[in-house]
1. Please list the radius of gyration and Dmax for segment C:1-117, considering alpha-carbon atoms only, with Å as the unit.
2. Determine the shielding of peptide A:138-148 by partner chains: average, over its residues, the number of Cβ atoms on other chains within 10 angstrom of each Cβ.
3. Residue by residue, what Karplus-based ³J(HN,Hα) values in Hz, rounded to whole numbers, does segment D:172-180 have, using 6.51, -1.76 and 1.60 with θ = phi - 60° and x for Gly and Pro?
4. Straight-line reach from D:K300: which lysines have Cα under 23 Å away, leaving out those fewer than 8 places along the same chain?
5. Grab the alpha carbons of segment D:480-587, take their convex hull, and tell me the volume per residue in Å³.
6. Using a Gaussian network model on chain C with a 10 Å cutoff between Cα atoms, which of C:I39, C:I80, C:I148 fluctuates the most?
7. Rounded to a whole number of µm²/s, how large is the Stokes-Einstein D of segment D:368-518 at 10 °C and 1.306 mPa s, given Rh as the Kirkwood radius over C-alpha pairs?
8. For segment A:34-138, count all C-alpha to C-alpha pairs, find those more than 18 Å apart, and express that count as a whole percent of the total.
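Coordinate-derived values only; no laboratory data. A quick note: this is a predicted structure, and the numbers were derived from the prediction, not measured. Neighbour counts are summed over all protein chains in view; Cβ atoms, including those assigned to glycine, are modelled from backbone coordinates with ideal geometry.
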Amino acid sequence: MDPPFPAERGVDVYNKKLGMWVFLASEVMFFAALIGSYVILRFGAPGEWAKPGVVLNIKITAFNTFLLICSSVSMVKAYAAVSDGDIGKMRFWLLMTILGGACFVGIQVFEYIHLVERGFVPAGVREGSELAEMVAKGELPGATMGLYGSTFFTMTGFHGFHVTCGVISMLFLYLTKALPGKYTQQDHAGIEVVGLYWHFVDLVWIILFTIVYLI
Amino acid sequence: MATTTHKHPPYIMIWIYLAVLTALELGLAFEFARNWTFGLKLTLLMILAIWKALLVALYFMHLKFEKWNLRLVALFPLPLVLILLAAGMSEHIW
Amino acid sequence: MNWWLPPQASNFAPRIDGMFTAILIITAIPFFLVEIGVIWFVFKYRGRPGQKGHYTHGNTRLEMIWTAIPAVTMVALGLISNSFWVQIKGRNSVPADAYPVGVHAKQFEWWVTLPGPDGKLGRTVDSLISKANPTGLDTTDADAKDDIVIRNQLHLPAGRPIVAYLTAEDVIHSFYVPEFRVRQDIVPGLHIKAWFVATVPGKYEIGCSQLCGLGHYKMRAQVTVHTQADFDAWAKEHAPQPQAGGE
Amino acid sequence: MTTVAASPHTGHAHHDDRSFVSKYIFSTDHKIIGIQFLFLSLFFLLVGGILAMQIRWQLGFPGKPMPGGGILPQTMAPGGVILPEYYLQLVTMHGTFMVFFAIMLLLVGVYANFIIPLKLGAHDMAFPRINMASFWSAFVSGILMLSSLFVADGAPRAGWTMYVPLSARHDYSGVGFGQELWSISIIFFGLSSVLGSLNYITTVINNRAPGMTWFRMPLSVWALFITAVLGLLAVPVLAGAAIMLLFEQVLGTHFFDPSAGGQVLLWQHLFWFFGHPEVYILILPAMGLVSELIANGSRKPIFGYHSMVFAIVGIAFLSWIVWGHHMFVSGMNPTLGSSFMVTTLLIAVPTAIKVFNWLSTMWRGNLRFHTPMLHAIGFVTMFTIGGLSGIFMAATPLDMFIHDTYFIVAHIHYVLFGGSLFAIFGSIVFWFPKMFGRMMNEAWGKVHFWLTFIFFNTTFFPMHMIGMAGHMRRLYDPTIYEFLRPVQPLNVFISVNAFLLFAVQIIFFVNFWWSLFKGEKASQNPWEDNGLEWTLPNPAPHGNWETPPTVYRGPYEFSAPGVTEDYLPQNRKLPTDREPALSPAGH
């Protein structure tokens, strides 16, 4: 009847990794809704957008970007270490990644506080603040500041939320798996899967940094 | 995973690569391109951003070393994103 | 009661009704094919113990046929409706001599501005909107002097193209006159035009057909289509007093 | 490759010593989760139905006190007379409950969970704990949505589509915290849906039994798989939009506020970009399930299996590029309308393929009219009407007239009630023995089918006519309009039939509960079906198989020559069958 057929057991990728990739595909769509709204709103905005670097602190964010790239590298180093069987190195790099991520979140919170103090809030520009004066003087376009605030805080806020989730799950893996020595050269799915998530968060930040802070 | 012993990609080199591209972006946005048109800057910055994103996806997320069926999972949403953007923006192109 | 579409009272209505009938006929064919087929098979092939079904996995030629026929029909239907669609809603489709009326929708009333003898609508400014000036008509604009602003009624001359400038103040409303077969959502922040020719003098109703809040159901206005002579007389009678500047 | 992928799964079919809580409440067993979803979604189906009855009362008898309406608080229906405030809540919540919590959970939550692993010969889902999380976030989401009816100022009143700015500003709609609850609930719902979908996708890709190639998968699994892809990619967009809507209220953002440069149509684009794939999420699984029932009831292989699969894929693909047909008269760029019209009309093609293939499956069959088959035939006939009436709306000039009228309401109910719900009733009866080990009563099942079929048509068919007369949707009192007064008798007729339709569901309800405890014990393969699930005892044990079954053929080998019975299970080895080659990954 039939010729011999292959058993066809999927994509030759273990479940957790495939599951993570599938999850990331849905994350792409989630960020597409947020970033897409920003692009569509900015494209159809009633007037000029605020110039980059006027409202947002570029120096501190550039450093933050660098930090996130570093943590992505340290994550991949942790993965490389464990797949070479070097568990100690893996622990070190994983800890570095957690620290990098935590610093990123900390700096972002600091940045938010600073922005809110200057009068930049999700609703736009707060009355009577430093930025409100700049709008009054015409240094900032008042017509689009509302959109600016809405999109900026939503996009970066949800990115920050993702970073926080990543830090928490890495910390969890570090404490429950890495420290007790449950990862081996053969079995380290957790590191690879969380790594994928972490790099994705980094990737989203790379896009966000360019379109929110630099353009 | 595990025992597949392809040599690890040069992660440190990619790190430097990413840092340089970021510096280039910052320079483009604030330093040497002040008089360039917005459209040109936008295009160059987007190219740089996508370049960086590709580096992360290909090397850090190992897409370069995966089979096509897994790459497909990663690529599948991208056309949908473009469709959404195109339709949303076409409201204003007329 | 009327078991078919409402009376036709605009230039688009006959063609839209024609499309309705055409699609009804097109869809009737597969409808009867399937329903009669099901009933026939249910009786003819009802199960008998000890019998087996006919063992077949399909027939490529048959499947090609019932893929191709709907595909061709649908593409043709698409092309035909598109040529009509462009005439109705295409952004350049409004005839140059169309008579402009302003329709301003707010929760839950319709404010209609008729251009008066000069045939031009006055400028409206959102910031001027107030109780006394519900459409925000800029009375300093020369075109606005003779504009007639009326609430919950729309008066139109028959037999000439009319272009409605639709604006919404708060939420989405929808301009809908069933006899005209015209419907257009009115979206805050957008300036949308809808054009049509009212062909039959008489009285009709505007309904809001997009949920706009608690009073959605009673957000109606009366449309009166006059002959041109009647319309001119009506407009003269309702022309604003020079001082009053709109009602 | 890894050892993880291939690891023989942990669950074992025997020896089940879990506690009651871990067995039935925080269970990770896909079958229990499926059953949990079944009870949850049937509950919401009932809630949605009760809301619909109140809508119909108001439309049939506007301003008259509703029988039993006296128990409602003064803010909803003083003296039993429904207020406009409450009417809009009814309309909104009927749509929300039915779409998200009844039909979607019934199809995706129940059947994806219950039958994907069983039909693929897997021990469980790829991620059982994520599966459990998916159920519980759906549960939380449903409770939040339900609670919005009870907060001050009640549930949202902007329709289930939540068009901004009405939904975005409390002063426009008059709603309070209920509106925020909707957004929060939808965010949880999105989480549930994504967790579920990634599970189904991974399971289908990776956890098939040996020999279960892509084109030996049952059509129900194909449909549920493609549905999961749609859900995975569409629902996050809704979650993102719901977050923006929430921020609009709690943070004062301006996404949808035209006075600050926001765009009203952005919401509609985001909502329908999700919403159209959602429509197919609500019908594709029904199509898949019906394919099973039709093949079984006809005792014939499904006609054109491959084209059925490609039709599912085609519908799913097209679903991403048709969402604009909900926005033809929304003020959207008319050129966009033209392109959306063409893609929309093209959906008729794969749909026609499916209908004709079902019909041809019945052709020269040996039909068995068990209750599931009756429901499947009901599905084919009613879905045909729903599908064909969609063509009227797809033609843009005609849509200008019938958009937002009862014609649309009739269309969606023919698709979702006549289509999805018939498929669901049929599937509940069909897999009831697999779930609970007992059969549902056939005679009462048939009575339920026929009465539902009759009253369904008398309820929803006249809606086409009042739609043609121009009857708008979501009207609290249609008699306000002069042109709608003549159709009011028809509204009364619809309402009376709707009450009868609701009443005959009691038969199903009683049959369900009675059969749960007193039903006849099911034999191992009561429907003489080919699916792998029927090789297990009823109900299937935890962990399903001790050793994964081997699959030798496709799922629809009914009436195959050379076999004495008229069915041939997928895992029965005939002398001519060869063992599947081991995959290169090694198992």
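1. Calculated on Cα positions, Rg and Dmax stand at 24.7, 87 Å.
2. Values: counts 0, 0, 0, 1, 1, 2, 3, 3, 9, 8, 2.
Other-chain Cβ atoms within 10 Å of each residue's Cβ, averaged: 3.
3. Taking θ as phi minus 60°, the curve returns 7, 9, x, 8, x, 5, x, 5, 5 Hz for segment D:172-180.
4. List returned: C:K44, C:K52, D:K119, D:K354, D:K434, D:K446, D:K573.
5. Details: hull volume 30.7 nm³, N = 108.
In segment D:480-587, the Cα hull volume divided by residue count equals 284 Å³.
6. C:I39
7. Working: Rh = 16.6 Å.
Translational diffusion coefficient: 96 µm²/s.
8. Working: 3530 of 5460 pairs.
Tail of P(r) above 18 Å: 65 percent of Cα pairs.
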